[in-house]
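Please treat every number below as a calculation from the coordinates, not as lab data. None of these values were measured; they are calculated from a predicted model. FYI the Cβ positions are ideal-geometry reconstructions off the backbone, even for glycines, and counts take in every protein chain you see.
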Amino acid sequence: MDQAERLRALVRQKKIPNNSAKVITITSGKGGVGKSSISVNLAIQFSKMGKRTVILDADFGLANIEVMMGVRPRYNLADLIYEKKSIDSIITVGPQNISFISGGSGIQELSNLTKEQITFLIQSLAELDERADIIIVDTGAGISDAVLEFVAASQEVILVVTPEPTSITDAYALLKTLNRRENYSNPDRAISLITNRTTSVKEGLNIYNKLNAVSGRFLDFNLEYLGAVPQDNIVSKSIIYQKPASLLYPNSSFTKSITEIAEKICPMENDMSNKKRGISQVFSNLLKLRKN
């Protein structure tokens, strides 16, 4: 029995409860499009809606999430795996009671885990599933294997794109590369689009229509549209102050658009429960992909 099969067996043995967290993976075709800002501020709005929200920062080598929150984590996912730290130890609490976990090198090294480490990881993640309503996975940018594996392992994916031509072409490149993967075939998987830094609602919708048209024609799948987030210099100001923009500027057009998108993602509890699969299942899928 290989590691992927052992991991799936452990997930089944754990009997993950029906209230496993709703996992949303947020990604982009290129860096610098505001992906982490979208992740943090969506988390703020989910928390305001009464959802227990955790961000998993899977953008290795960078510290965007902790910088935006103004909080530095003591431990990360690698400490959980190799040092057997508890879930409580690796969770850092930020503003508006949202929490985040730094991935460290833990996710990159999944394929090298022992059976004992896999067991401990799944038990810990199942505990996290029970403690969170929504887990946001903030991936790196681009079409690296690490990004594509996380996207392929996830049931719900949000792709962030800006009006820049390079952002649009790179977003399509990510979709195209993902579509070519032999292990990417799940009709239940949903990929949604958020257009960021737009000058108008119309501009955002036009970008979606163009990208969705070529995806439907050449890749044979359609994107869902969540909405447009306007260009606003409050975002850069909030990064300087190390506090989420939607908390610093609650009445801004940026915050209004983020709130509307959050409400689209989880309009009601019953709708959420239908798509909850849990972070344990995502990691099970991730290891399976790495072993195929």
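Modelled this way, with points 7 Å down the Cα-to-C-beta line, the labels at Lys202 and Asn251 are 2.8 nm from one another.
In loop segments of region 29-93 as defined by DSSP, the trypsin sites (Lys or Arg not before Pro) with at most 16 further C-beta atoms inside 10 Å of their C-beta are Arg52, Arg74, Lys84. For region 222-248 versus region 97-166, the inter-centroid distance based on Cα atoms is 22 Å.
Note on region 91-234: Rg/Rh from Cα positions, Kirkwood definition for Rh, rounded to two decimals, is 1.01.
Checking the cross-link pairs Lys35/Lys176; Lys48/Lys176; Lys30/Lys115; Lys48/Lys85 against a 24 Å limit on the alpha carbon distance flags Lys48/Lys176; Lys30/Lys115; Lys48/Lys85 as lying beyond it. Here the contact order of region 146-237, divided by its residue count and restricted to Cα pairs under 8 Å and six or more residues apart, works out to 31 percent. For Val235, the shell of other residues with beta-carbons less than 13 Å away shows a net charge of +3, using +1 for Lys and Arg and -1 for Asp and Glu. Across region 36-100, the fraction of Cα-Cα pairs farther apart than 20 Å, rounded to a whole number, is 26%. In this structure, the amide hydrogen of Tyr225, modeled 1.01 Å from its nitrogen in the peptide plane, lies closer than 5 angstrom to those of Leu193, counting only residues at least 5 positions away or on a different chain.
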